[in-house]
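Accompanying notes for the structure given below.
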Amino acid sequence: MGGVPQLWGATDAEVVRDYPADAAIAGPSVAMTRAVSVSAPVETTWRWLCQLSVAPYSYDWIDNRGRRSPRTLTEGADTLEVGQQIVMVYTLTEVEAPHQWTGLAGGWLAATYAVEPDPHDPSRCRLLCRMVAAAPTPLTRLRAHVLAWGDLVMLRKQLLTLKDCAEST
């Protein structure tokens, strides 16, 4: 499926698994899979994942105009609906609470964020993002490659911040 910058923290099983984002983009595409283990149960981690409807939880000085993403859960943020904007760029196309949501941005970029239970320890889970960018031409393949490098930095920070928040709840 790809190497750096397409992968970070994902297991082989997570990389080959199909996610709704994979089917959301027709034609040639580039997939990026990032994941982190979280020492918190699925329900808690899902609540923090839904906080992406409130703030980006990445480098706030870059993508949140310098405002700090909340470090407390926002009432009602976990009520996600198809058509809702999330992470400032995606329109939700599918929600399967408390497991995953999928969004589409501009018709050329899709993402599925998922919370997977740890099969060996119910007090832990995996937090994952599969992003898929359309890449039917040399120019769009270049765009996807540039996105993968920038996203590697931003999404890594986002997942680690959500992990920290979930673990401290």
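Some values worked out for this structure:
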quantity: Per-residue SASA entry for L7, accessible area with 1.4 Å probe, Å² rounded to 10; calculated: 50
quantity: Per residue solvent-accessible surface (Å²) - the chain, probe of 1.4 Å; calculated: 48
quantity: Estimated [θ] at 222 nm from DSSP helical runs (n ≥ 4, -39500 (n - 2.57)) normalised by residues in the chain, nearest 500; calculated: -9500 deg cm²/dmol
quantity: Convex hull volume per residue for region 1-56, taking Cα atoms only, in Å³; calculated: 122
quantity: Ranked packing of 118-130, 10-22, most packed first, by mean Cβ within 10 Å; calculated: 118-130, 10-22
quantity: Helix 138-168 axis, angle to the chain major axis (alpha carbon atoms, nearest 10°); calculated: 10
quantity: Percentage, to the nearest whole number, of Cα pairs in the chain over 22 Å apart; calculated: 39
quantity: Local net charge near A110, Cβ-Cβ under 14 Å (Lys/Arg +1, Asp/Glu -1); calculated: -3
quantity: Point-charge dipole on Cβ atoms (K/R +1, D/E -1) for region 84-169, about Cα centre, debye to 20; calculated: 400
quantity: Percent carbon-and-sulfur accessible area, the chain, ignoring ligands, DNA and RNA, probe 1.4 Å; calculated: 58
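The values are calculated or read from the model by the stated rules, or taken from the named source; none is laboratory data. Bear in mind the structure is a predicted one, so any value in this text is a computation, not a measurement. Positions of Cβ are backbone-derived with ideal geometry, glycine not excepted, and every protein chain shown enters the neighbour counts. Note: accessible area is taken over every heavy atom of the protein model, side chains too, but ligands, DNA and RNA are not part of it. Shrake-Rupley method; radii C 1.70, N 1.55, O 1.52, S 1.80 Å.
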